[in-house]
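Enquirer: Below you will find the structure I want to go over with you.
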Amino acid sequence: MPGPVRAPNAILLGVVPVHQILPDVVTSVVRKAPLTPQKVAFAWRMAVGARVAGATQIDLRSGTLHVRATEAGWLREVEHSAAMIRSRMGAFLGPDVIRFIKVAAG
């Protein structure tokens, strides 16, 4: 008698691969934590990636995320991606925490 037929990457017996649920778990845990500069920095790094995060400095004040960078290219990138960045950061911080993103040369 042949063994069971398995499709590649099939979910068997209701087991969900950890890489499919881990982002949701991390997002949920971070969102419940108090709003601190470290939490905002984590959300920033997750939203923009390590290269942009390393080339910028951020400060959240009164719903506005102030972004500074010494290179104009990084600032243009942030300006062009502001809506996406706000959405991604909102997943970690809450949808109304960042209302505006203001970029400036540092």
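Enquirer: Can you name the number of the only condition in (1) farther than 22 Å from residue 34 by Cα; (2) modelled with pLDDT of 90 or more that residue 65 fails?
Expert: It fails just one condition, (1).
Residue by residue, here is whether (1) under 17 Å from the mean Cα position of the chain (by Cα); (2) under 19 Å from residue 35 (Cα atoms); (3) not aliphatic (A, V, I, L, M) holds:
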position: 60; (1), (2), (3): yes, yes, no
position: 70; (1), (2), (3): no, no, yes
position: 73; (1), (2), (3): no, no, yes
position: 80; (1), (2), (3): yes, no, yes
position: 100; (1), (2), (3): yes, yes, yes
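Enquirer: Residue by residue through region 67-92, note down the ones that are open to solvent by 80 Å² or more (accessible area, probe 1.4 Å) and touching a residue at least 40 places away in the same chain (Cβ under 8 Å).
Expert: Passing the criteria: only 88.
Enquirer: Name the residues in region 58-94 that are within 20 Å of residue 106 (Cα to Cα) and basic (Lys, Arg), would you?
Expert: 61, 68, 76 - these are the residues of region 58-94 that are within 20 Å of residue 106 (Cα to Cα) and basic (Lys, Arg).
Enquirer: Filter region 32-46 down to the residues that are open to solvent by less than 100 Å² (accessible area, probe 1.4 Å), more than 15 Å from residue 75 (Cα to Cα) and assigned to a helix (DSSP H, G or I) and list them by number.
Expert: Selection gives 39, 40, 41, 42, 43, 46.
The values are calculated or read from the model by the stated rules, or taken from the named source; none is laboratory data. Computed from a predicted model, the values in this text were never measured in an experiment. Here Cβ is always computed from backbone atoms with ideal geometry, including for glycine, and neighbour counts include all displayed protein chains. Remember, those area values only see protein heavy atoms, side chains included, never the ligands or the DNA or RNA. Shrake-Rupley method; radii C 1.70, N 1.55, O 1.52, S 1.80 Å.
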